[in-house]
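The values are calculated or read from the model by the stated rules, or taken from the named source; none is laboratory data. In this text the structure is predicted, and so the values were computed from the model without any measurement. Note that we place each Cβ from the backbone using ideal geometry, even for glycine, and neighbour counts take in every protein chain shown. These area figures cover heavy atoms from the full protein model, side chains too; ligands, DNA and RNA do not enter into them. Shrake-Rupley method; radii C 1.70, N 1.55, O 1.52, S 1.80 Å.
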Amino acid sequence: MAASTKVTVGIVGCGAITEMYYAPSLRELEHAGYATVTAIFDPSVERVSKVGAQLIGAKQFTEFSDFVKSAPQLAIVASPAKFHAEQTIRLLESGASVLCEKPIASNLAEAEEMLAAAAPAKGKLAVGLFRRFFPACNLIREYIAAETLGRPIDFEFSEGGVFNWPAQSASFFQKKTAQGGVFLDVGAHVLDLMLWWFGDPTNFDYSDDAMGGLEINSVARFQFTNGLRGRVQLSRDWELPNNYVIRCEKGWLAWKVSDANHVEIGAKGSSRTILGETLEDGSSAANYAESFVAQLANCIEAITGDEKLVVPGEEGIRSLRLIEKCYQSRKLLAMPWLTEVEMERARELAV
């Protein structure tokens, strides 16, 4: 992309995701001549100043209306999910394209309003499900689609540990700002990959420990038309394997959540395992940071050229749609460490 086609970019929300990933990625894209960061917004002077120190030259705003008036071509909405719909719709109506962090919104009704606003808009709406840019996740999708190891039979996905994300507010744990807990937050990524790889399930069973609040642990089981069955377990306080295992007719695939560029591949009847290196050009392995760069580059190319968005709004809403269905049929998670009196109280709170 030539320097004359640089896209102006603005950031809404200066929390940890912006400080750790979006700001460094945008600096790299500025250096490569893809983008110019012109504006950043956060209601906190401290936060906007801290991120502003990484993005020299960008105007700093603490009023959202002033940010909208600055008219960036691409706005990254990385605020708490409660604000995604209102901010995204205003930006789309102003003519900007939007990359909205996951989950696309705090509930399905708001997400559908966002898609309705995007349909006639000049700009585009993308959703920040960056794992679709992992070479490992793309390799898994190719193996499943081609049935390289035969038809998938079952899967087990687990993610979790003691919560250590450097959150800059309590929004993760307050129902007034977050309509869901770990299943909405981490589940947006996990279910997006599941839907991308396997399609929509026909049946599901969901349980968590929300008890009227926000869940810390959740377990979901899914069934698909081809007989495939799977289990997804998530936690914010229990160290899980953080591993995805997919068993097929002729072998299996295993992926570690933190490894963007490798997949373990095993064949049925063989004691040997292949550690698949998904890049073939000798370049350094992809990682979280590089995947954020790729995600932003895809948005920029979609604005300036003919490239299609990897995760348009229509795709980003799919995981939220399934999450909301699960919440509507939630059951109380089995907690055998509680006494019968405590469990009875837990049932009361869950109702």
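Some observations on this one:
- For Leu253, the accessible area of its heavy atoms, probed at 1.4 Å with every protein chain present, is near 10 square angstrom.
- Where only alpha carbons of the range 36-160 are counted, the Rg and the Dmax (Å): 18.3, 55
- For log10 I(q)/I(0) by the Debye sum over Cα atoms at q = 0.07, 0.11, 0.13 Å⁻¹, calculated from these coordinates, the label among [x] -0.31, -0.77, -1.06; [y] -0.39, -0.80, -1.01; [z] -0.27, -0.69, -0.97: [x]
- Normalised by 2.2 N^0.38 Å, with N the number of residues, the alpha-carbon radius of gyration of the range 66-111 equals 1.07.
- The antiparallel fraction among DSSP beta bridges confined to the chain stands at about 50%.
- For Lys122, the lysines whose Cα falls under 27 Å of its own Cα, not counting residues fewer than eight places away in the same chain, are Lys6, Lys59, Lys69, Lys82, Lys102, Lys308.
- Over the range 301-345 - Rg/Rh using Cα atoms and the Kirkwood inverse-distance radius: 1.43
- Take Arg27: with every protein chain present and a 1.4 Å probe, its accessible area is about 100 Å².
- Contact order relative to length of the chain, as percent, for alpha carbon pairs under 8 angstrom and 6 or more apart: 18 percent
- With the whole protein complex present, Phe83 retains an accessible surface near 80 Å², based on a 1.4 Å probe.
- Residue of Phe41, Phe157, Phe222 that the Gaussian network model of the chain assigns the largest fluctuation, springs spanning Cα pairs under 10 Å: Phe222
- Farthest positive-ward along the range 292-351 dipole, Cα basis, beta-carbon charges - from Ser329, Thr304, Gly316: Ser329
- Candidates Pro336, Pro201, Pro135, ranked by Gaussian network fluctuation over the chain, Cα under 10 Å, top entry: Pro336
- With the simple spin-label model, which puts each label point 7 Å out from Cα in the Cβ direction, the Glu113 to Arg345 separation comes to 3.8 nm.
- Computed from the C-beta positions of Ala71 and Lys325 and an R0 of 41 Å, the FRET efficiency is 0.60 to the nearest 0.05.
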